[in-house]
Amino acid sequence: MSRCFHYREILLTKLEIGITLTASALLSWEVFGLLAKGMSGNAWEQVVEQLIFIAIIFFLINGSLVYQFTRLGYMKRRLIHSLLHQKEFEFLFDEGGV
């Protein structure tokens, strides 16, 4: 794979992380607004329902972010990786290499 591919993938992954965080913030704003309305109106069934929904979505978003940050680290590591030259590779299998 070319270096250009890795740079593009790193850029796309950073963009995905940004979109995920923005969507998470907007969702939190909406859900916590509904949660506040439910608490002020003593609608405890709605509050419990919103808390369960928040917990499920939190774990889904958390899993997505873990994957995206892991992907970003992998792409950065692949970018700096270099192959051994033939002489360096052969040295590993010589008697002096061990």
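The values are calculated or read from the model by the stated rules, or taken from the named source; none is laboratory data. Everything quoted here is computed from the prediction, not taken from an experiment. Positions of Cβ are backbone-derived with ideal geometry, glycine not excepted, and every protein chain shown enters the neighbour counts.
A few points about this structure:
- Candidate set: the range 37-68, residues that are farther than 26 Å from Thr20 by Cα and small (Gly, Ala, Ser); chosen: the one nearest to the chain's Cα centre (by Cα): Gly38
- Per-region count, the range 43-63, residues of a type in the set (Val, Ile, Thr) and surrounded by 12 or more Cβ atoms within 10 Å (Cβ to Cβ): 4
- Taken as a whole, the condition of being aliphatic (A, V, I, L, M) and surrounded by 11 or more Cβ atoms within 10 Å (Cβ to Cβ) does not apply to Val66.
- Members of the range 2-19 that are surrounded by 15 or more Cβ atoms within 10 Å (Cβ to Cβ) and either under 11 Å from the mean Cα position of the chain (by Cα) or of a type in the set (Lys, Arg) (or both): Thr13, Glu16, Ile17
- Applying the criterion of at least 3 residues that are out of contact with any His (no Cβ under 6 Å at 6 or more places or on another chain) and modelled with pLDDT of 90 or more to the helices (runs of 4 or more DSSP H) found wholly in the chain leaves 3-40, 44-80.
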